Amino acid sequence: MVSKILKDVIYYLLDWEADGRRYAEEPDSHGLDGELCLIFESGEKMFVTWRDPVIKNGDYSIDFAPKRSTTSEVSRTCNMAGHSLWKSFVEQRVCLRREQIHNTCMVVLTAENGQQLFCCPYEEKQWGADTLYISQTIPT
């Protein structure tokens, strides 16, 4: 993907995670079951979303696409552009890339200032989980 200026960051939350206030208390990483929507200067949207497993082992994988991949109904959206996890990416040129890791796929967001965010199917030390884990470091 060509680098583009990021303007907004929206979490699409599902019913059971509809209270987006919990993300305000988590400065270094977020785990959500819904999807992430990045909105660029041009108005273009790019979703960091779920995809079919990379390997036929039943594990979840993360990808990016211009539209949502899930059919789950969104309970609410939560604007995260001002959150400390995202502040250094908003108003910056960013680039997305896919990367294979631990028999699954993650999305790496790199800003022109050199900072990175890793969007992984990860939860409780398990890769391929059904949580979209967003962090400045690759989980171990």
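Quick look at the values:
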quantity	calculated
Positions within the range 99-110 being part of a strand (DSSP E or B) and either modelled with pLDDT under 95 or aliphatic (A, V, I, L, M) (or both), in sequence order	Glu99, Gln100, Ile101, Thr104, Cys105, Met106, Val107, Val108, Leu109
Residues that are part of a loop (DSSP other than H, G, I, E, B), small (Gly, Ala, Ser), more than 19 Å from Gly114 (Cα to Cα) and out of contact with any helix residue (DSSP H, G or I) (no Cβ under 6 Å at 6 or more places or on another chain), drawn from the range 61-81	Ser69, Ser72
Matching residues in the range 124-139 - criterion: being part of a strand (DSSP E or B) and among the acidic types (Asp, Glu)	Asp130
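The values are calculated or read from the model by the stated rules, or taken from the named source; none is laboratory data. What you are looking at is a predicted structure, and each value in this text was computed from that prediction instead of being measured. Neighbour counts run over all protein chains shown; Cβ positions are idealised from the backbone, glycine included.
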